[in-house]
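Heads up, the thing below is written out as structure tokens.
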Amino acid sequence: MNERRPPTPDAAGPQELSAAQADATIRSERYVVLLVAVAVIGVLVSLAAWCFLEAIHQIQQELYTHLPHAFGYQNGPPRWWSLPILAIGALIVALSITRLPGKGGHIPAEGLSAGGRAGPNVLPGVILAGLATIGFGLVLGPEAPLIAMGAGLAALPISLARRDTPPQAVMVLAAAGSFAALSFIFSSPLIAAVILIEATGLGGPKLRVVLVPGLLAAGIGTLVSIGMGISPGSALAHTRSVRCRCPRPATPRWGSSAGRSRWPSRSGSSLAS
């Protein structure tokens, strides 16, 4: 009988990060340098996310507002208008899946996931598929394309530098890019952190190493989102104006009968002068 030999470290796969290794990594000087790189990546990814959302907004305006008006539909597009638009968008997505690397991103049927490889080589396919699906009206949410785009853009400087970067540093930078991209659309670092931790299944010592750079990038993404959202004419400003402009009741005039009848008091009775 052949004796069963213990697996070698190469055959066993990469070892999990221990608690002592995580503490040593956080206290090291390289970790501080990594945080500086994460801050720069957070700004760049946030600006790229703004460009992506702005492009989606402009595509939707051209396809569903300006183009019908140019064809003579002054009162808006007809009911059948979306059918050819969706067909063209589906054709573009099919071409990005079959002709470009990355297959257009993750499979939606498998749920929101950020665990796959999202290198710089998959960025063209992910961006094109995201613009076609969301801009043409096939899907509604930009979360998954932004997660893949953030991770790919974060890994892009490493691939351009052509240096042997430790896998843990690449993992932290990719996760920080996803944190920044997702927090940009929610304008909240905590929401992005919760979603990405659930999507990636991070836990244990690895979570401590990734969480601090991730929250830093998410905070930067939130600040950039707030700054870009208040600029007039941007897609974020348009979206927030639609979401946040709730109809407010007019201030009652105490001398009018309308004010007395429309504004009930806390006890349920109408206000009386």
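Structural remarks
- Annotation: Cα Rg of the stretch 19-232 relative to the compact-globule expectation 2.2 N^0.38 Å equals 1.12.
- The simple spin-label model puts a point 7 Å past each Cα toward its Cβ; for Val194 and Ala24 those points are separated by 3.6 nm.
Values quoted throughout were computed directly from the atomic coordinates according to the rules given, and no laboratory measurement underlies them. Remember, it's a predicted structure, so these values are computed and weren't measured experimentally. Ideal geometry is used to build each Cβ from the backbone, glycine not excepted, and the neighbour counts take in all protein chains shown.
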